[in-house]
Every structure is written in structure tokens, then in C-alpha cells.
Amino acid sequence: MKLVSYNIQYGFGGDGRYDLSRAARIVDGADIVALQEVERHWQRSNFDDQPELLSRLLPDYHWVYGPAFDMDASERRDGRLINRRRQFGTMVLSKLPIVWSRLHALPMRRTLRPLNTRNAALECMIRTPAGPVRVFSLHLAHIAAEERLEQIDYLLAEHRRAPSDGGPWSGADDEPSRNWTSGEAEPENPLAAIWMGDFNMEPGSAEYRRIVGSTPYHRGAAYLDGFVDAASVASEPAADFHTHEKIIDGRLAKRRLDHCFVGGVFAGRVRSVGPDIGEVASDHFPVRIDIDLETPFGLGGR
């Protein structure tokens, strides 16, 4: 299956032009898409409802939007209240149904300067041919490693207790007349997971090592409840891999800030990972992942 992770910078390209359709064209055709920096009702983006616009541009996809923060943007027109929310967050689009989703508001440290904003991780459970998988679109803090480490620790703790927590509901329905379950079986909350997004960290950093661990004695080690960098286990590694370019201290810095981390059960399933270097629809480059989500899991995959 083809996956894409893309920070679309609310539709503004590296050329400074606002055009949401460019980002939609880039991700169209992938099986699962994780977007970051998607917004609703901001002045800078013509007060557009970007999740709604993207759903029209990509009509063959199921989708969920998760706002990291939510502010009043209502107004009165002709004496009538128009209720609107100014939102900024992440989005998942999938050609397969998204069985359930939930939004994780990540830990945040209040700053005096510079501006700091709330971050979130959108979790979506998708039943792939391989089995149920929890797919995340996330965006970590941009200021300090300490804040990102707190956010990663939160996500790892949530990840490891997912199977024992259960999904949206669990247990037998003792009030069938109220139809809590719509006649459906208890939805899965598997250990199998994929994290995609803008992590604002580079390989080898403290935050990166918090996710993948230090180099093990056995270089092929993959823990069942842990993650590996999809790029490091791809059977076809990318030669030049960076996802963001910026002039820093007078020099062009090429950094890999956008990543895909896959649960241990996927360590041998990643075929290729690479960026679309040169795309100007955002200030980041999209990351494409080709991974086997067709072969059914063994007993350890759930």
C-alpha cells in the first residue's frame, strides 16, 4: 500500500502562493494520507474550511480532521449569528473506511517568547488487508527538544496500553434497546501502529532515539511494542533524504524533519521510503512510503 505524509503549510507553497489544490494533486492516489497544518476559517487562507475543500478535491477518500486548537471565529450577518471555529490541526484521508478515531492533545510548555502553539496527534484505526492498524498524523513542538520529549513519552505510553484500554467501547451491551453499538462487534485497538508527520527533529537526536532506542547489539532488533524508522528498514533506501530546506545563519540547511515510524511488526514490510524533493506546494516535501499492508499479520501483529 502507498502512504504519504505531508505538512501542507495551510496551502502556502514555497513560492509564497496559496493554492490548496496543489497539495491535493500531490497526495491523490495514495491509499492513506497523513496531513499536517490543515486549518479552518483563518484570514490568511481566505477563511476557507480546508478539510471540507480537501474532501471535495479528493472525493474518493474517507477522512477525519483533528484540530490541535480551537478558537471562536463566529460573526453576525444580517442580525443572525454565524457560528464558526478557527482551527488548526492534522488530517487523515484513507481509501479504506476509518473505523474510529480520537485526538490526543499533546503536552505543551507555556512560553514568554517565541510564539508556541498547541500540538496534537490524530489517531485513526483502519482495517487493512493485513489486519487492523492505528495510523497517526501528528505534529510535534517546533521550539525545544524538551517539549518534544514530553510529547513522545505521552504517545509511547498511550501506544503501549492500547490493547488493554480497548477502543471506543468494550464489553457486552447490557442495554441493547439503546443501541450503543449499532449491532457491531467491539472495534479493535491493536498494538500495530504507524506514526507519520512533522516531528521537528532529525535522525540521531534525543527525540529520535526516544522513539527507536539506541543502537541495539542486534542491528535488526524490532520490539513488538516499539517503533523503527521506516527509512532505516526500507528495502530500497533513498539516496538523498531531506524534507525541509531553510536558510539558517546564512546557509541552506537541508533537514529531515518529517518521518514515518512503524511498529515492530512492520519492520520487514517496508519496501521504500523517500521524499518528493523539489515540490513547491508547501515549505516541506511530502514523504512517500510503500509498505506491505496486504499480507495478513501473524499472531504477534495484534
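The values are calculated or read from the model by the stated rules, or taken from the named source; none is laboratory data. No experiment lies behind these values; they were computed from the predicted model shown. As a convention, Cβ positions derive from the backbone with ideal geometry for all residues, glycine included, and neighbour counts pool all protein chains shown. Quick note on the areas: whole protein, heavy atoms, side chains included, nothing else; ligands and nucleic acids left out. Shrake-Rupley method; radii C 1.70, N 1.55, O 1.52, S 1.80 Å.
So ALA73 fits all but one of (1) open to solvent by less than 30 Å² (accessible area, probe 1.4 Å); (2) in contact (Cβ under 8 Å) with a residue 40 or more places away in the chain; (3) over 19 Å from the mean Cα position of the chain (by Cα); what number is the exception?
Status for ALA73: all satisfied but (2).
Scan the range 196-245 for residues that are among the hydrophobic types (A, V, I, L, M, F, W, C), surrounded by fewer than 13 Cβ atoms within 10 Å (Cβ to Cβ) and under 18 Å from ILE277 (Cβ atoms) and jot them down.
Hit for the range 196-245 is ALA239, nothing else.
Do the conditions hold for LYS254, that is, is it part of a strand (DSSP E or B), modelled with pLDDT under 90 and either open to solvent by 50 Å² or more (accessible area, probe 1.4 Å) or touching a helix residue (DSSP H, G or I) at 6+ places or on another chain (Cβ under 6 Å) (or both)?
Taking the combined requirement at face value, the residue does not satisfy it.
Only residues that are surrounded by 17 or more Cβ atoms within 10 Å (Cβ to Cβ) and either closer than 16 Å to ASP276 by Cα or hydroxyl-bearing (Ser, Thr, Tyr) (or both): list them for the range 23-35, please.
Passing the criteria: ALA23, ALA24, ILE26, VAL27, ALA30, VAL33, ALA34, LEU35.
Got at least one residue in the range 140-149 being open to solvent by 10 Å² or more (accessible area, probe 1.4 Å), closer than 27 Å to VAL265 by Cα and of a type outside the set (Gly, Ala, Ser)?
yes
When the residues of the range 78-93 are filtered to those that are of a type in the set (A, V, I, L, M, F, W, C) and in contact (Cβ under 8 Å) with a residue 12 or more places away in the chain, which remaining residue is farthest from ALA30 (Cα to Cα)?
PHE88
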